[in-house]
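What follows draws every value from the coordinates through simple rules; no lab data is involved. Keep in mind that this is a model prediction, so the values were computed, not measured. Cβ placement follows ideal geometry from the backbone for every residue including glycine, while neighbour counts extend to all protein chains displayed.
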Amino acid sequence: MSDAYERERQNNSRLDELASKVSALRGVTIDIYDNARDQQVIDSTSDTFSSFGSTLKGSATRLGRMAQSGNKVAIFKLAGIIVGVVLVLYWIWHLVF
């Protein structure tokens, strides 16, 4: 009878070890999933900045053509917008820091 009790105790011990290994494996799997999801967010952000860069380049090209055409009102508007943006960024910089 004590031999059967000893085997049952060993089985329970092995079962507890197996449960802890499964729990550790579950934690590793969740960490891998989180890292993969973070990588997808990084890739999405990279794509967004890439499209922003191409849009900004197109806008700069159009602004250059406008400036070359000699439209003085449009040039003054552009200069006003640039000065306004710089002032707003300066104000925000001093507000935050």
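Overview of results
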read-out	value
Yes/no for L18 being out of contact with any helix residue (DSSP H, G or I) (no Cβ under 6 Å at 6 or more places or on another chain) and touching a residue at least 12 places away in the same chain (Cβ under 8 Å)	no
Hey, G70 at positive phi and not hydrophobic (A, V, I, L, M, F, W, C) or not	yes
